[in-house]
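Asker: My structure is below; once you've seen it, I'll send some questions.
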Amino acid sequence: MNENSLIKALVKETDLIPVTVIGLGNMGQALAAAYLAAGHPVTVWNRSADKADRLVGNGAVRAETVAGAIAASGMIVVCLSTYEVVRSTLMPLETELTGRVIVNLTTGTPDEARLLDMWAKEKGIEYLDGAIMAVPPMIGSPNALILYGGRKELFEAYQSVLQVMGGGTTYLSEDTGVALLFDLAMLTMLYGAWYSYFHAHALLRTANISAEKFLPYASNWLQHLIVPMLTSPEAARILDEGNYTTDVSNMTVNKLALDNIVKSSRELGVPADWLLPIQTVTEQMVARGFGNDGFERVFESMINRSVPTPPGRI
Ligand SMILES: NC(=O)c1ccc[n+]([C@@H]2O[C@H](COP(=O)([O-])OP(=O)(O)OC[C@H]3O[C@@H](n4cnc5c(N)ncnc54)[C@H](OP(=O)(O)O)[C@@H]3O)[C@@H](O)[C@H]2O)c1
């Protein structure tokens, strides 16, 4: 063994710290399995104990109580259904948790993460908050994106251990709520896009056009129009700088397009209610004299400009 591989082996051994996973739903089981596969000693706890059976078969230790699970490891990965469940599971055990690191991967609101972090700080518990931007089969793979907020030094100290859950392990901010803010941002884009996709196909269905037939057109539209519109540096600059001048497509033209989608959908018997708030805000923008600005100006109706976000900063 040469010097480099010896160092690598030693680091690997040091990194194989015991890990506890609390919550063995679909996601928690995948997280625990990733640690087992990487060779960590793994202790697990779940309200329905049988969900630990497969993991125990693969070498995990089943804790009979949450307190027992906490006592087994310095790093406690928590993946439960809601923050309410996290609070009721962990808060009665503050003494047992003191001096340990909680890595909470449960989905919730940014403020729930911040408040739990404040509680942890008061109790002398280390806390990182993570948002998993992946599904269980991706856990442990290089592509699994997991975003973190919390104390940077703490993240760096545990980074290699956290990377076992996903190669896309990424630190975002000292603000513990920012990981869940990213989660919200990405999921709201997902549901907006997904629902609009169903609306599109409901319209096409009125002329008996299959989803398969529409695929190449949807693909072209996304690739050449929507993706650049939402992911180019120029698109980001428009929002960060609030400069909505356009020589491409103005608010009045977009208002006419929205009016036409709503009118046509109604004529075709396809519900378009989800578009009404967008139609209303566009109408208001035109009425307020912004007809020549780009559609991006609707963003102004959602934000408070007195709390500016410096471009490029988190
Ligand atoms: N699955 C995904 O694709 C995915 C992706 C990203 C993020 N997440 C997040 O990961 C978290 C877990 O998701 P999941 O897919 O694993 O959900 P899940 O399969 O529904 O599992 C929920 C977990 O919460 C536990 N739980 C619920 N209520 C409880 C209570 N009152 N007391 C104690 N334990 C309770 C369940 O225990 P029992 O087994 O006893 O019911 C189970 O361990 C969620 O916050 C989710 O948003 C999931």
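The values are calculated or read from the model by the stated rules, or taken from the named source; none is laboratory data. Nothing here was measured: the structure is a model prediction, and the numbers come from that model. Cβ atoms come from the backbone with ideal geometry, glycine included; neighbour counts cover every protein chain shown. The accessibility values were calculated without ligands, DNA or RNA, using every heavy atom of the protein model including side chains. Shrake-Rupley method; radii C 1.70, N 1.55, O 1.52, S 1.80 Å.
Asker: Using mean Cβ contacts within 10 Å as the protection proxy, how do 169-179, 16-26 order, highest first?
Answerer: 16-26, 169-179
Asker: Below 8 Å between Cα atoms, with a sequence gap of 6+, how large is the relative contact order for the range 3-174 in percent?
Answerer: The normalised contact order for the range 3-174 reaches 19 percent.
Asker: In addition: Give me the net charge for the shell around GLU94: Cβ to Cβ below 12 angstrom, other residues only, Lys and Arg +1, Asp and Glu -1.
Answerer: It works out to a net charge of +2.
Asker: Can you give the relative contact order of the chain as a percent, counting alpha carbon pairs under 8 Å and 6+ residues apart?
Answerer: Answer for the chain is 11 percent.
Asker: Local charge sum around ASP111 (other residues, Cβ-Cβ under 14 Å, Lys/Arg +1, Asp/Glu -1)?
Answerer: Neighbourhood net charge equals -4.
Asker: May I pose another question? When ranked by the protection proxy of mean other Cβ atoms within 10 Å per residue, highest first, what sequence do the peptides 259-265, 149-155 form?
Answerer: 149-155, 259-265
Asker: Follow-up. Considering only TYR35, TYR148, TYR217, give the residue with the highest GNM mean-square fluctuation for the chain, with springs between Cα atoms whenever their separation is below 10 Å.
Answerer: Of TYR35, TYR148, TYR217, the Gaussian network model singles out TYR217 as fluctuating most.
Asker: Quick check: convex hull over the Cα atoms of the range 182-302, volume per residue in Å³, rounded to an integer?
Answerer: Cα convex hull per residue, to the nearest whole number: 120 Å³.
Asker: Grab the other residues whose beta carbon is less than 9 angstrom from that of GLN279, score K and R as +1, D and E as -1, and report the net.
Answerer: Once all neighbours under 9 Å are counted, the net charge is -1.
Asker: Oh, and also: Along the charge dipole of the chain, Cβ charges K/R +1 and D/E -1, which of THR188, GLY242, ALA211 sits furthest on the positive end?
Answerer: So the residue furthest toward the plus end is ALA211.
Asker: Let me ask you something else. Output the Kirkwood hydrodynamic radius of the chain, Cα pairs only, in Å rounded to one decimal.
Answerer: 22.8
Asker: If you don't mind, another one. Compute the angle between helix 178-205 and the longest alpha-carbon principal axis of the chain, please, reported from 0 to 90 degrees and rounded to the nearest 10.
Answerer: Here the helix axis deviates by roughly 50 degrees.
Asker: Using θ = phi - 60° and the Karplus relation 6.51 cos²θ - 1.76 cosθ + 1.60, list the HN-Hα couplings for the range 129-146 in order, rounded to whole Hz, with x at every Gly or Pro.
Answerer: Result, ordered by residue: 10, x, 10, 8, 9, 7, 9, x, x, 7, 4, x, 8, x, 8, 6, 8, 10 Hz.
Asker: Taking 0.36 nm per residue of separation and subtracting the Cα-Cα distance, what length does fully extending GLU64 through ASN143 add?
Answerer: 25.1 nm
Asker: Once the whole set of protein chains is in place, how much accessible area is left on ARG237, using a 1.4 Å probe, in Å² to the nearest 10?
Answerer: The value for ARG237 is about 110 Å².
Asker: If you don't mind, there's one more thing I want to ask. Work out the length of the dipole vector of the chain about its Cα centre, built from +1 on the beta-carbon of each Lys and Arg and -1 on the beta-carbon of each Asp and Glu, and round it to the nearest 20 debye.
Answerer: 500
Asker: Taking Cα atoms, how many degrees apart are the long axis of helix 211-221 and the longest axis of the chain, rounded to 10 and kept between 0 and 90?
Answerer: 80
Asker: OK, next. Running a GNM on the chain with Cα contacts under 10 Å, which residue among ALA69, ALA157, ALA60 ends up with the highest mean-square fluctuation?
Answerer: ALA157
Asker: Which residue, LEU55, LEU239, LEU145, has the most motion in a Gaussian network model of the chain that connects Cα atoms within less than 10 Å?
Answerer: Residue with maximal mean-square fluctuation among LEU55, LEU239, LEU145: LEU239.
Asker: Still on this model: Once you keep just the Cα pairs under 8 angstrom separated by 6 or more residues, what percentage relative contact order results for the range 182-302?
Answerer: Worked out over the range 182-302, it gives 29 percent.
Asker: Give me the extension gain from ALA236 to ASP175: residue separation times 0.36 nm, minus the current Cα-Cα distance, reported in nm with one decimal.
Answerer: Extra length available between ALA236 and ASP175 comes to 19.8 nm.
Asker: Can you give me the angle between helix 110-123 and the longest principal axis of the chain, using Cα atoms only, in degrees from 0 to 90, rounded to the nearest 10?
Answerer: Orientation of helix 110-123: about 20 degrees from the principal axis.
Asker: Compare the Cα positions of LEU80, ASN304, LEU275 along the charge dipole of the chain (+1 at Cβ of Lys, Arg; -1 at Cβ of Asp, Glu; about the Cα centre) and return the one farthest towards the positive end.
Answerer: LEU275
Asker: Next up: Starting from the Kirkwood radius over alpha-carbon pairs of the range 3-174, derive D by Stokes-Einstein at 37 °C in a medium of 0.692 mPa s and give it in µm² s⁻¹.
Answerer: This corresponds to a translational diffusion coefficient of 205 µm²/s.
Asker: If you stretched the chain out fully between ALA49 and VAL135, how much longer would it get, using 0.36 nm times the residue separation minus the C-alpha to C-alpha distance?
Answerer: In short, 28.7 nm is gained.
Asker: I would also like to ask the following. Quote the FRET efficiency, to the nearest 0.05, computed for ARG205 versus ARG87 with a Förster distance R0 of 51 Å and r equal to the Cβ-Cβ distance.
Answerer: Taking R0 as 51 Å, the efficiency between ARG205 and ARG87 is 0.65.
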